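The values are calculated or read from the model by the stated rules, or taken from the named source; none is laboratory data. None of the values given here were measured: they were computed from a predicted structure. Counting neighbours? That spans all protein chains shown, and the Cβs are built from the backbone with ideal geometry, glycine included. Remember, those area values only see protein heavy atoms, side chains included, never the ligands or the DNA or RNA. Shrake-Rupley method; radii C 1.70, N 1.55, O 1.52, S 1.80 Å.
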Amino acid sequence: MSENSPAIGSTPDTPIGAGSRPLPDGVEWTAVLVAAQRAAESLSQTPAFRDPLAEAVMTYLGLAEPGRAPHFATMPGQMSGMTEAMGDLVTLRTLYLDEALTRSGLDQVVLLGAGLDGRAYRMPWTGRRVFEVDRPAGLALKEQAADAAGLSAVARRTSVPVDLAEDWPQALVAAGFDPARPAAWVAEGLTVYLTRAEADLMMSRVHDLSAPGSRLCVEIAQPLGTRLDDAATSDAGVHRTLSVLRYGPPTPPHDWIAGHGWSPDASTLAELGDRYHRKVGTPFDPARGGVNLWYFNAELLPRR
Ligand SMILES: C[S@@+](CC[C@H](N)C(=O)[O-])C[C@H]1O[C@@H](n2cnc3c(N)ncnc32)[C@H](O)[C@@H]1O
């Protein structure tokens, strides 16, 4: 959030809606966590982007009044500690990936672990195809929230409700994805929830489906260890997040990315913080004893 945005967890005049709906279980819950941060950015005084879908989800779940920033401190399964620790991480990766995807000009976008990503609703992507791959419950929540808010996608959005452990390539192609044409693949906030075997399988499937000219936008994080456990802000949201982290890809991840056929150039979160003049939380800032996060906007390497 920008400096003059309402402080997360300090807006006691923003009650949780009386008709609160249950939050999703398991790893799907993490999609609400990051959507809440985009909603807070969207509703700040000087937002870096607007995200009407994230706002709609907050209202639908009863986590905020319409047009009001979510109030993390009183949410079921508190999110204030995690949000405090992450600083502007979600805003930074949103800005970086929005820019990369826009610059790519690719008109087939596949969001892996799409969760409550609102790009199909908020980017000026009329005519672009956006395929959203995630477990069914998370995608259903998104559609219910959008319907309740009367929100329509701008892009040609296609839901692909399937677990990444299943045969999602077949489901994606059946949904209209064309593997003969280049695509932009996005794995934002995803690989930390996959084991090494799951991450390797995802990468080899992505490679098999990638025509020349495709790009891969992926976030990879170094394991946090006990950094969040020790944080003064530790709460139920922190513990819930830690319980679903698997950290599949090895770090530093450059050789792993290249080994899967993609150019290994990356920006770190700290570099994005400098570029967009936003705060990086201490646990994610190596200069203050934190871990690294890398953001790849990779080109497909020539096939060997
Ligand atoms: C932190 S959220 C990120 C969502 C979205 N990419 C974003 O940045 O807003 C992680 C997402 O990965 C999804 N996910 C994790 N493991 C998955 C799996 N095995 N199959 C499908 N989706 C998965 C979760 O359901 C969740 O929506």
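What the table below lists for this structure:
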quantity	calculated
Angle in degrees between helix 89-104 and the longest Cα principal axis of the chain, rounded to the nearest 10	40
Residue among GLY81, PHE284, LEU300 farthest towards the positive dipole end of the chain, charges placed on Cβ	LEU300
Nitroxide proxy distance, nm - points 7 Å out along Cα→Cβ at ALA211 and GLU198	3.1
Anisotropy class of the range 130-266 from Cα gyration tensor, a/c 1.5 cut	oblate
Two-site label geometry, ALA148 and SER243: point separation in nm, points 7 Å out along Cα→Cβ	2.4
Debye, to nearest 20: dipole size of the range 248-304, +1 on Lys, Arg Cβ, -1 on Asp, Glu Cβ	100
Net length gained if the chain between ALA258 and ARG288 were fully extended (0.36 nm per residue, minus Cα distance)	7.9 nm
Extreme residue, positive dipole direction of the range 89-299, given options LEU272, HIS260, GLY248 (C-beta unit charges)	LEU272
Rounded to 5, percent antiparallel among DSSP beta bridges of the chain	40
Three principal axis lengths of the chain [C-alpha, angstrom, descending]	58, 45, 33
Where labels lie 7 Å past Cα in the beta-carbon direction, separation of ALA137 and GLU99 in nm	3.6
Net lengthening on full extension, THR126/ARG227 (0.36 nm per residue, minus Cα-Cα)	32.1 nm
Furthest towards positive pole of dipole, VAL133, THR191, VAL109, structure part the range 89-299, Cβ charges	VAL109
Debye, to nearest 20: dipole size of the range 204-264, +1 on Lys, Arg Cβ, -1 on Asp, Glu Cβ	160
FRET efficiency, GLU65 to SER234 (Cβ-Cβ, R0 30 Å, nearest 0.05)	0.60
Accessible area in the full protein assembly, largest first, 1.4 Å probe, for ARG246, ARG129, ARG119	ARG246, ARG129, ARG119
Portion, in percent, of the accessible area of the chain that falls on carbon or sulfur, probe 1.4 Å	52
Charged-residue dipole, Cβ positions (Lys, Arg, Asp, Glu), the chain about Cα centre, Debye nearest 20	500
Contour minus Cα-Cα distance for ARG21 and ASP107 (0.36 nm per residue)	27.4 nm
Solvent exposure of the chain as accessible area per residue, Å², 1.4 Å probe	40
